[in-house]
Amino acid sequence: MASDLSNGAQVASSVSSTLAAALDSSSSSAQLLADAMSTSSPDLGTAAAAREATSWLGLFGWLLYLVFNLISTILYWSVRTVTISVPKLLFALFSTSWTVTMNATTLYAVLLHS
């Protein structure tokens, strides 16, 4: 029993020292990251100017891409609806039995109340 307690104390001491070292290193790495981010800020003016400079060819390519994307999306959804959803709905509708089973007692109750 005594050895178990001493081993437990050693483990607790080891864990606490490891946690303390990890906390010290994480605060220093956070400070290094903050320093690096504050010193290297990109020039936002040149990035905005580069985005504004578009030609008619770029606009034509963007329009062509947009039309192609829209047509392919419409075709995909229409083919999916016609070939999957509608047959699934029709199969579920027509494979269901719509007959009503009635025993003599239920028939007598329906005729009695009508």
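Rule-based calculations on the coordinates, nothing more; no lab input. Bear in mind the structure is a predicted one, so any value in this text is a computation, not a measurement.
Pairs of Cα atoms in region 56-114 fall into 10 Å distance bins, from 0 up to the last occupied one, in shares of 17, 19, 16, 15, 12, 9, 7, 5, 1 percent.
Counted residue by residue at 0.36 nm each, then reduced by the alpha carbon distance between them, the extension gain from ILE74 to SER13 reaches 15.4 nm.
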